Structure formats: structure tokens, C-alpha cells
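Student: Questions regarding the structure given below will be posed in turn.
The values are calculated or read from the model by the stated rules, or taken from the named source; none is laboratory data. Keep in mind that this is a model prediction, so the values were computed, not measured. Cβ coordinates were reconstructed from backbone atoms using ideal geometry, including for glycine residues, and neighbour counts include every protein chain displayed. These area figures cover heavy atoms from the full protein model, side chains too; ligands, DNA and RNA do not enter into them. Shrake-Rupley method; radii C 1.70, N 1.55, O 1.52, S 1.80 Å.
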Amino acid sequence: MARPFLFCAFLFILTLTLEISLVMGAPTNCGPIQATDTDQIEFALNLEFLEAEFFLNGALGRGLDSFAPSFAKGGPPPIGARKAFLDPLAAQIIEEFGYQEIGHLRAIISATGGIPRPQLDLSAQNFANFIDQALGFKLTTPFVTFDPYLNTINYLIASYMIPYVGLTGYVGTLPALSNIDLRSLVAGLLGVEAGQDAVIRALLYERANVIVLPYGKTVAEFVNRTAELKNRLANCGIKDEGIIVPQSLGAENRTNSNILSANTDSLSYARTPPEILRIVYGTGSENKPGGFFPKGAGGNIARRYLSPA
């Protein structure tokens, strides 16, 4: 058991070194942005739509249009979402998460009026593109790519690429809000998003040394690499971490486990809307759509960053 831990620790130290170099060249847009409370809350709907569609389709094979079609406000259905082959426990958890996201959408839309659901790309190929970026290589076997819907392990790895981004977004948004009712709303949303992230990371940690086929790499390596990718894309320092770290980076320098990603004081990391867009677009630029939002995210904040056609 020691060798996988030591190897993952080595990878994390290497990642840390690389990320420090990235921070030195980080863009200036890493701090708070100027936006109304309503616009900041509505920006979060992009991630809530993404989570709702991924979880509902993954567990049940049908998405938001089967449960609350009015919430989409005429926005197009997601591309490529489908039912995943999950074990019974994971299926129950993901189904519950999907219903929770319906509630989140209802709460935000009731408070702000909402935005149309943006075009989402939840296809296996899109997830494979992110994994290829994270690992730094593509599989050479013809017609074989990463498929999040293939099994429980793949789905959990893919799931970690979504809710945590929204969690850090809420942490960044809350201090910037002035309206007490909207601050209360975000606090409630943040609590559940944090819980979802903790469950997903705990399930991944339980499988940390399982080999992900056909890559020949462990679950822990996948999580470390995807964390590194999100840090690299956001380009504002280390705000995402693997599930196994050197003890010097564990909680109070006493653990190798890292089930909850947090800073030196065990406080959650915060991200801004531009950072989030750089990640979910998969392009490293808030001005260049792609990834999960091929036509760009919705709402006033996301649209103002889009480059003129």
C-alpha cells in the first residue's frame, strides 16, 4: 500500500512545482469582478444546469426536461448525455444529487428570474478531451476513449470535474454579495454543493488504488491529474488538489489523505467567474467557449467575456 501513496505524493509535489511556475505568469484577472448580485447568482445557474443534466441523465437516463422543463426557459437540451452503468449505491447517490440540483435551480430562478439553459456538451468525447488534456496523452487503441458513462469509476472521476468547480465559485461569490437574502441563498447552496463534493471525493478515495482501464493508472492519479488540469486552466494558483498528498500538505501536516480539498487553514478555496469559465470551457480563456459550453455560458457575466464574432 505504501508505494502507490509515495508515487502519488511524488506526482503531487511535481504538480505543485509546475503550478508555482504558472502562478508567476498568472493573468491579472484573478480577483473579484464588478457585477450585480443578481448577475453573480445567475452566473451560478450555468454550473447548476450542468450538474442537474449530468446527474439526472447519469442516474435515470433522462434530464431536466422530464422533471422541470420550464426551468430551461427554452434553452436546448444537452448534447450526448445518457444513462451511466452505475453500481446500486452510486446510482442512488447520483439520483439524489440530480434531484437536489432541481431544487437549486428552483431556488435561484425564484430569486432572480433565471436565464435560458445554455447549450451543454456532456458527450463522452468531450469528457475524453478533458481527460486527454489532464493525462497529457491520448489512447492509441482505435475507437477507445474515456467514457464517463461506461462504469462507476469513470463516472465518479467525471463527476469530480463538475461540482467542485461550482463549490469554489460559491465560496468566491458569497463575500461579494450585499443583499442579505441572496447571501442566505448562496450559503444554503454552498452547504449542499460541499456535501456532494465530499461524497464524491470519499468514494474516489475508497477506490484510490484501483487501476482505471485501459489507461493503467490509478484513480488517485486520475484525480491528481484532473486537479492539476483545472489549476492550469484557471491559471490563478493552486485551488484544487488530489485525494492523496504528501503529509506535509495534508491537514495540519498529519495526513496523506486529502478527502476535502482545502488550504493551509483547512478553508475552502475560492474562484471567480473568469477562472470558472477558463475551466469549463477547457480553453484556459474566458473569451473562448468550448468544453462543456460549446456556445458559451449564459447570463450577463459570461456573455460580456465573449470575444466579438
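Student: Write out, first by first residue and then by second, each pair whose Cβ atoms fall under 9 Å of each other, whose residues are 6+ apart or on separate chains, and whose first residue, in the stretch 239-255, is open to solvent by 40 Å² or more (accessible area, probe 1.4 Å) while the second is among the aromatic types (Phe, Trp, Tyr).
Tutor: Final answer for the pair search is 249/12.
Student: So, one more: Only one residue in 13, 108, 41 is farther than 24 Å from residue 203 by Cβ, open to solvent by less than 20 Å² (accessible area, probe 1.4 Å) and either modelled with pLDDT under 95 or over 18 Å from the mean Cα position of the chain (by Cα) (or both), so which one is that?
Tutor: Result of the check over 13, 108, 41: 108.
Student: Residue 102: β-branched (Val, Ile, Thr), part of a helix (DSSP H, G or I), open to solvent by less than 50 Å² (accessible area, probe 1.4 Å) and modelled with pLDDT of 95 or more, yes or no?
Tutor: yes
Student: A follow-up question, please. With the requirement that a residue be open to solvent by 40 Å² or more (accessible area, probe 1.4 Å) and in a helix (DSSP H, G or I), what does the stretch 111-134 give you?
Tutor: Correct list: 111, 125, 129, 133.
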